[in-house]
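Undergrad: Structure below; questions to follow.
Throughout, read-outs are computed from the coordinates displayed, never taken from laboratory work. If you're wondering where the values come from, they're calculated on a predicted model, not measured in any experiment. Cβ: placed from backbone, ideal geometry, glycine included. Neighbour counts: every protein chain shown.
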Amino acid sequence: MTLRQAIQTLSDEGILERKIGSGTYVASKKVQEKMSGTTSFTDIMESLGKVPSSKTISFFHSRASSSESEKLGLEKGEQVLRMERIRYADDVPICFEVASIPAKLIEGFSKEEITESFYHSLQEKGFEIGRANQTVSAILASEQIADYLAVKRGDAILRLRQISYLADGRPFEYVRTQYVGSRFEFYLEK
């Protein structure tokens, strides 16, 4: 009985991971992101000693939706670049993200500058990155997201919606990201 309670406690703490029909294993260390300010995915992975990479699913310009216009402070009919990509750490899929960026902000940027490390490219072109508003919620993986992230349909997903701002207060990115719950966690620090 004591052993079962100890295993349950370690499982609740995320130290052990139970797999139905398979057994109990030492949990792999999750990627962590501190929830304060804006941090690039590349920087987070590199700070953890992991190799970041991305696979671009789509990359196109279109008229901003009403939601994108509202979040990015755009006028009706303005264009955004919308890209979807899977982000990896050491070739393990961590998240699927949909990013919307005001098209006029990134005139003159190459596709690689945007898809490989957008935050670094912004800084290299003289933009100063400021704050971000972030909202996190829990959802279940859809069939498509499960496919992209190599998990089962219905697995736990952390959904992050973020509006990122330049130091001058202009919103430059609206991102909807779905993280694999068993591979990623957010933490707060006061």
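Undergrad: Express the relative contact order of the stretch 81-190 as a whole percentage, based on alpha carbon pairs under 8 Å and six or more residues apart in sequence.
TA: With pairs under 8 Å counted, the relative contact order is 27 percent.
Undergrad: Which of T115, T2, T56, T177 comes first, and how do the rest follow, when ranked by fewest Cβ neighbours within 10 Å?
TA: T2, T56, T115, T177
Undergrad: Here is a further query. Can you list the trypsin sites (Lys or Arg not before Pro) in the stretch 49-130 that are in a DSSP coil and have 12 or fewer other beta carbons within 10 angstrom?
TA: Details: sites: K50, K55, R63, K71, K76, R82, R85, R87, K104, K111, K125; in loops: K50, K76, K125.
Those satisfying the criteria are K76, K125.
Undergrad: Would you pull out the residues with amide H under 5 Å of F172's amide H, same chain only if 5 or more places away, H placed 1.01 Å from N?
TA: Amide H neighbours of F172: S164, Y165, L166.
Undergrad: Here's another thing I want to ask about it. On a 24 Å Cα-Cα criterion, which of the cross-link pairs K50/K125; K76/K104; K55/K111 come out too long? Write out the running numbers ahead of the final one.
TA: Details: K50/K125 26 Å; K76/K104 14 Å; K55/K111 13 Å.
Long pairs (Cα-Cα over 24 Å): K50/K125.
Undergrad: Still on this structure, please answer the following. Taking the dipole about the Cα centre of the stretch 30-187, with the C-beta of Lys and Arg at +1 and of Asp and Glu at -1, give me whichever of S100, V136, Q79 is farthest to the positive side.
TA: V136
Undergrad: Then there is this: Go through the stretch 95-172 and name the GluC sites (Glu not before Pro) that are in a DSSP coil and have 15 or fewer other Cβ atoms within 10 Å of their Cβ.
TA: Answer by residue number: E107, E116, E128.
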